[in-house]
Amino acid sequence: DEPLAKLLPIRGSEAVLVARPPDLRQLAGLLKQAALYLGNDSGPSHIAAAVGIPTVALFGPTDPRVWGPRGHGVEVLRAPDGKMESLEVDSVEDTLVRLMDNPATGPAAVEK
């Protein structure tokens, strides 16, 4: 994932962190410190949503109505044809920036 993360120059971001903590408790603690989370249809996306950080979850063939994370500040983007590579990078970036810029979901809201 690290080479792919480097392809995501998010406007205004200082760094993209790809982490592999050894257990779920440490992952939750790490995510709680994040300003924003971008991930795919996976357990860490649910944990990010559960700890309350702005979360963008990317979905391909699976149904986010069934498997998507839930919560305030959670956005789900689904590939229209079920293929992850069909998701537009600009659309993902716009969603990330919108979450960060929104006073209800951005960094100031997370710190409360």
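Summary table below
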read-out	value
Pair list, Cβ under 6 Å, 6 or more apart: the range 84-98 residue over 13 Å from Gly60 (Cβ atoms), other residue among the charged types (D, E, K, R) and open to solvent by 80 Å² or more (accessible area, probe 1.4 Å)	Val97/Arg11
Verdict on Thr95 being of a type in the set (Ser, Thr, Tyr) and either outside any helix (DSSP H, G or I) or closer than 24 Å to Arg20 by Cα (or both)	no
Filtered residue count, the range 53-88, keeping only those that are closer than 12 Å to Leu38 by Cα and either open to solvent by 30 Å² or more (accessible area, probe 1.4 Å) or among the aliphatic types (A, V, I, L, M) (or both)	8
Tally, over the range 25-52, of residues that are crowded, with 20+ Cβ neighbours inside 10 Å and assigned to a loop (DSSP other than H, G, I, E, B)	2
Exclusive hit being modelled with pLDDT of 90 or more and on the phi > 0 side of the Ramachandran plot, set Gly73, Gly60	Gly73
Near pairs, Cβ below 7 angstrom, 6+ apart or cross-chain, from the range 62-79 (among the small types (Gly, Ala, Ser)) to any residue that is exposed (fewer than 15 other Cβ atoms within 10 Å of the Cβ)	Ala79/Ser86
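The values are calculated or read from the model by the stated rules, or taken from the named source; none is laboratory data. Note that the coordinates shown come from a computational prediction; the quantities given were computed from them, not determined experimentally. Cβ sites come from the backbone with ideal geometry, for glycine too, and all protein chains shown count toward neighbours. Each accessible area value is taken on the protein alone, full model and side chains, heavy atoms only, with ligands, DNA and RNA left out. Shrake-Rupley method; radii C 1.70, N 1.55, O 1.52, S 1.80 Å.
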